[in-house]
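Accompanying notes for the structure given below.
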Amino acid sequence: GSTIGILGGGQLGRMLSVAAARLGFKTCIFEPAGDCPASHVANFHLQAAYDDEAALKRFADSVDVITYEFENIPTSALDLLESLTPIRPNRRTLAVSQDRLTEKAFLNGLGLQTAPFAAVDDEFDLAEALTEIGAPAILKTRRFGYDGKGQARIKSAQDAPQALADMAGNAAILEGFVTFTHEISVIGARGLNGDVACFDPGENVHVDGILHTTTLPATLTSSQQMDAVLLTAKILNALDYVGVMGVELFVTAKGLVVNEIAPRVHNSGHWTQNGCAIDQFEQHIRAVAGWPLGDGQRHSNVEMLNLIGDDVDRIPELAKDGKVAIHLYGKAQAKKGRKMGHVNRILGPA
Ligand code: ATP
Ligand code: MG
Ligand code: MG
């Protein structure tokens with residue numbers, strides 16, 4: 001059988017490994033950390049740094065296709081890997097989505113709405129951007145942000161100096177604050193042959209910048225639902241994408257506004273594990289392995305609840321409910337803000 005290489009050994013790599021094993025693949029994780037969620041379930045764990053060329057070569061030579069569970073892989077590592085083994089999703093997607101500025105420009109180029117934005121490198125850019133975009137606004141680092149990290153809210157111009165200081169010298173982007181009624185996301189997939197399949201949009205609630213729940217079905221009119229799926233397909237096709245992508249959207253009075261895209265399986269797609277015959281992890285493995293996609297049909301209404309930090313102590317209680325499917329990541333300590341697991345509560349038939 002063939003082997004799938006996964007860059008990153010977190011919970012997404014873990015759940016991708018399980019799906020790959022079910023389809024008869026072996027998996028090899030490339031991850032600098034020793035004890036990581038994916039290392040408990042993958043066949044091989046290559047523990048090395050992203051600047052270790054010999055290790056990267058060994059990794060690329062021992063797998064048939066390379067995929068990833070996070071988008072911030074150093075470009076130099078990708079160059080080396082790509083020269084030896086196909087990377088799916090492709091490099092262009094990574095280049096576009098590693099930087100919030102290029103990502104928003106790309107989305108606008110497709111005719112999709114985003115928050116108004118401007119690049120901010122210093123206090124002069126910020127003053128100009130605030131004049132142009134207005135407050136309230138959010139200053140974000142262009143790269144490496146996740147779970148709301150690297151963001152500062154600007155309620156009025158007097159918050160500007162502190163917000164800029166919070167960027168710690170990193171290149172930033174100012175985003176106008178989008179007035180939305182709620183947040184949804186679409187988990188889309190595109191196969192090697194260009195087929196596209198999308199899961200139903202889920203409704204997301206964030207607490208302290210971290211995803212708290214995803215609920216299916218989302219509150220959407222049928223035309224909003226259609227828009228969400230079509231714009232996701234447009235993004236996937238434009239990038240000649242292969243694999244699963246998460247597309248985060250704001251629902252507003254003026255239509256759907258794209259918040260961000262993630263070129264990988266996505267936390268807001270975990271509900272598919274218990275709401276669909278083929279979940280996002282199997283779908284991603286199918287796509288990158290060149291298999292036909294499964295259809296994304298949802299058989300159940302589901303609420304996915306993230307277990308962050310000490311939330312994991314609720315497991316004995318949650319486990320008493322036979323309609324709650326439990327997914328734990330095997331992480332050692334329940335640090336504050338750390339994603340320890342999630343549960344999918346089956347609400348009823350779709
Ligand atoms: P993730 O873990 O999803 O990658 P992230 O750190 O990239 O998170 P964002 O998705 O950019 O963060 O923002 C986190 C949340 O903050 C959003 O889901 C939304 O609730 C709010 N938010 C971000 N940008 C805006 C905006 N321009 N207008 C209004 N709300 C926003
Ligand atoms: Mg993000
Ligand atoms: Mg986000």
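Couple of notes before you dig in:
- A protection proxy built from the mean count of other Cβ atoms within 10 Å ranks the segments 103-112, 189-198, 9-18, most packed first, as 9-18, 189-198, 103-112.
- Net charge dipole, the range 116-176: roughly 300 debye, given to the nearest 20, about the Cα centre with Cβ charges of +1 for Lys and Arg and -1 for Asp and Glu.
- Within the chain: Cβ-based charge dipole about Cα centre, in debye rounded to nearest 20 (Lys, Arg +1; Asp, Glu -1): 820
- The modelled label-to-label distance between residue 335 and residue 105, using points 7 Å beyond Cα along the C-beta direction, is 3.4 nm.
- Using distinct alpha-carbon pairs, which all enter the 1/r mean, Kirkwood radius of the range 3-87 in Å: 12.3
- Hydrodynamic analysis of the range 182-349 uses the Kirkwood radius over alpha carbon pairs. Inserted into Stokes-Einstein at 4 °C and 1.567 mPa s, it gives a translational diffusion coefficient of 79 µm²/s.
- Other-chain or far-sequence residues with amide H under 5 Å of residue 27's (modelled H): 4, 43, 44
- MRE, 222 nm, helices only [DSSP H, n ≥ 4, -39500 (n - 2.57), over the chain, to nearest 500]: -8000 deg cm²/dmol
- Rounded FRET efficiency, nearest 0.05, which uses the C-beta distance separating residue 299 from residue 153 and R0 of 41 Å: 0.55
- Segments 267-279, 312-324, 229-241 sorted - mean Cβ within 10 Å per residue, highest first: 267-279, 229-241, 312-324
- Full-stretch length increase - residue 226, residue 44 - with 0.36 nm per residue and alpha-carbon distance subtracted: 61.4 nm
- Dipole of the range 3-87, positive end: most advanced residue of 19, 9, 47 [Cβ charges, Cα centre]: 19
- Alpha carbon centroid spacing (whole Å) that separates the range 25-62 from the range 68-82: 13
- Averaging 1/r over every pair of different alpha carbons in the range 11-59 and inverting the result gives a Kirkwood radius of 11.0 Å.
- Each Lys and Arg Cβ is given +1 and each Asp and Glu Cβ -1; about its Cα centre, the range 182-265 then shows a dipole of about 160 debye.
- Projected over all directions and averaged, the alpha-carbon convex hull of the chain occupies 17.4 nm².
- Inter-label distance for residue 347 and residue 22, nm, one decimal - labels placed 7 Å from Cα along Cα-to-Cβ: 2.3
- Along the axis of the charge dipole computed for the range 182-349 (Cβ charges of +1 for Lys and Arg, -1 for Asp and Glu, origin at the Cα centre), the listed residues 197, 276, 307 are led at the positive end by 307.
- For the pair residue 317 and residue 252, the difference between a 0.36 nm per residue extended length and the Cα-Cα distance amounts to 19.7 nm.
All of the numbers you see were taken from the coordinates with simple rules; none came from a lab. What you see is a predicted model; the values in this text were computed from it and never measured. Here Cβ is always computed from backbone atoms with ideal geometry, including for glycine, and neighbour counts include all displayed protein chains.
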